Every structure is written in structure tokens, then in C-alpha cells.
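Read the figures in this text as sums done on the coordinates, not as results from a lab. It should be emphasised that the depicted structure is a prediction, and the values quoted were computed from it without experimental measurement. Note that each Cβ is placed from the backbone with ideal geometry, even for glycine, and that neighbours are counted across all protein chains shown.
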């Protein structure tokens, strides 16, 4: 007798209606972090097979749906493990994440942070590109000059980041207080005559 499975579209309706279900994603932690169904919990298959997992995580009486990458062998295996541990409401999701995504159902994606290299932030990109062009044209002296300019821009950026944005590496600018001319005992300032 075959195992009952849940269709991705039907699961999407349950999630949209905020039905009391538990969704377990048995893909790797990295795959889960990159993209997962909203409300899903990560429980990789490798962790699911360790006997201690059920001591840490109480079994639920809610309907449990198990999703994997393709929705076949891994989801069925995970469902059997859950059922043997007493979670009789476990059902694999047919088609897995591939089918879920193909149907355009909602997912949470990891925000990708684009680490912009320092030379792009400093204005050094143009001299670097120009130096590459000069090298391609066998203009060694021009390429060296442009590479030097790019290097100076990078050094300046590095220096400014270490000094808090101040141009000089010296102490903070101080205010200059002008001394008043103080008269001597006769009432005259030095150098003045009556």
C-alpha cells in the first residue's frame, strides 16, 4: 500500500489559511537558509535519524508535512522515521521544494549581501580599468601610472577609515585663542610709546 502524500497547491492553501500544521523541511541547513516555505522548520534528514532528536523536540498532534528537495525518497524516509517515533500525522509533500517553487508559491529567501570591493567605493575602479586597457595596448608606463593612482586612492580610503574620516593623521584641530595685549605698569603695551 502506498503512502498518502500532500500536494503542494493544497499545502499552500493550508498555509495561506493559517491552518494549525507543522511543516518540517528535511533539506540541509544551507538549502533551508537560502530558501524555505514561510513557517517551515529546518530539521535535516541527517539530524532526524539521530535518536536524541525526539528527546529535544516534542512530537506534535498537529498535522505534520515533510518537505524535501524533490519530494520523493527523502520526504518519504523522513515521514517513516517520524511515524515510527510516534508522529502518526506525518505526510510527505509531493514534488518538494522544486514543485513548490515551480508553482510560484511563497518562499522566504536569504537576502544576499553584495560585498562591494573597496576600489569600487573609492573611485579607484576607473583607474584600475584604464590600467588594464593600457596593459592590453602594451602601454606599460601608462598602466603603471594608472595602477599607482588606483593604489593611492585605496590607501586614502584605508587611511580615512582608520582616522574616522579626518584628512590629516594628526591631532584634532584645536581652536587658536588670540592673546590680548596687556598694558604695562605705565598703561602702555610693550613697543608703544606715549
How far apart, in nm, are the 7 Å Cα→Cβ label points at residue 110 and residue 41?
-> 2.2 nm
In nm, the gap between the two label points placed 7 Å beyond Cα toward Cβ at residue 88 and residue 102 is 3.4 nm
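Counting other beta carbons within 10 Å of each Cβ, put 141, 3 in order, fewest first.
Values: 141 8, 3 12.
The fewest-first ordering by Cβ neighbours comes to 141, 3.
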Net lengthening on full extension, residue 80/residue 63 (0.36 nm per residue, minus Cα-Cα) = 4.7 nm
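What is the ratio of the Cα radius of gyration of region 6-109 to 2.2 N^0.38 Å, where N is its residue count, to two decimals? Let's see the in-between values first.
Working: Rg = 12.5 Å, N = 104, 2.2 N^0.38 = 12.8 Å.
For region 6-109, the normalised Cα radius of gyration comes out at 0.98.
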